[in-house]
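Peer 1: This structure is in structure tokens; I'll ask about it shortly.
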Amino acid sequence: MAKKAKAKSKRNNAKNNNLMMWVFVVLFLLIVISIAVILTLNNANPNLNDDFFVSDGSKYVVAADIDNYGDDRIVAAYDVYYHNNDTITGHKAYYEFVDEEMAQAALPSYQANKDEEVDKIELNGKYIVLTATPKQYEGLTLDLLAPGE
């Protein structure tokens, strides 16, 4: 009788171990999927929203007149000058398109027209971002860009 009880106990333990293993596998997969979704949502358009295009203590933002571009796919354009006190430390131009597909379609045209003042051109969600070479902004100061601010 004791042998039957031990055999039954071993079977129950094996079933419980298998069940616990599957519970842990499912929980692990849920955690991995959750992390992947969060990372995808965060990387879709990092830091690029209406709050980003506001001047603050580290950047000076100039909204461009999009009528000058003659491209109805462009929703907005911004020049962002990064600065440390009065010294300009970087310059990026952000061109916002209707959606990411429109920006992707326009990217080859921007890359084909790249000149020596542009260090790199990249796609960031629905934005095409042009990063200027230091030569393009050297000698500029915040006072020259924004007198009286």
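Any read-out appearing in this document is the output of simple, stated calculations on the displayed coordinates, not a laboratory observation. As the structure is a computational prediction, the values presented were derived from the model and not from experiment. With ideal geometry, Cβ positions are generated from the backbone for all residues, glycine too; neighbour counts draw on all protein chains shown.
Peer 1: Where a ≥ b ≥ c are the square roots of the eigenvalues of the C-alpha gyration tensor, would you call segment 67-120 rounded, which needs a/c under 1.5, or, failing that, prolate if a/b is larger than b/c, or oblate?
Peer 2: Because a/c hits 1.5 or more and a/b exceeds b/c, segment 67-120 counts as prolate.
Peer 1: Hey, another quick one. Give me the number: length gained by fully extending LEU19 to ILE66, i.e. 0.36 nm times residue separation minus the C-alpha to C-alpha distance, one decimal in nm.
Peer 2: Extra length from LEU19 to ILE66 when fully extended: 10.8 nm.
Peer 1: Follow-up question, since we're still on this one. Give the calculated FRET efficiency between LEU140 and ASP51 to the nearest 0.05, with a Förster radius of 25 Å applied to their Cβ-Cβ distance.
Peer 2: Result of the calculation: an efficiency of 0.55.
Peer 1: Hey, another quick one. About the Cα centre of segment 64-149, how large is the charge dipole given +1 on each Lys and Arg Cβ and -1 on each Asp and Glu Cβ? Please answer in debye to the nearest 20.
Peer 2: Dipole size: approximately 240 debye.
Peer 1: Pop the C-beta distance of THR89 and ASN124 into the FRET formula with R0 = 22 Å and round what comes out to the nearest 0.05.
Peer 2: 0.65
Peer 1: Order 73-85, 90-102, 129-141 from most to least packed using the mean count of other Cβ atoms within 10 Å.
Peer 2: Put in order of decreasing packing, that is 90-102, 73-85, 129-141.
Peer 1: Turning to a different aspect of this structure: If you add up the charges near GLY90, with Lys and Arg at +1 and Asp and Glu at -1, over every other residue whose beta carbon is less than 15 angstrom from its beta carbon, what do you get?
Peer 2: -3
Peer 1: Just to check I understand the Karplus step: with θ = phi - 60° and J = 6.51 cos²θ - 1.76 cosθ + 1.60, what whole-Hz values come out for segment 76-85, glycine and proline as x?
Peer 2: 7, 9, 9, 9, 10, 9, 8, 9, 10, 6
Peer 1: Please list 3J(HN,Hα) in residue order for segment 110-117, calculated via the Karplus relation 6.51 cos²θ - 1.76 cosθ + 1.60 where θ = phi - 60°; whole Hz, with x for glycine and proline.
Peer 2: Here the 3J(HN,Hα) series is 5, 5, 5, 9, 5, 10, 5, 8 Hz.
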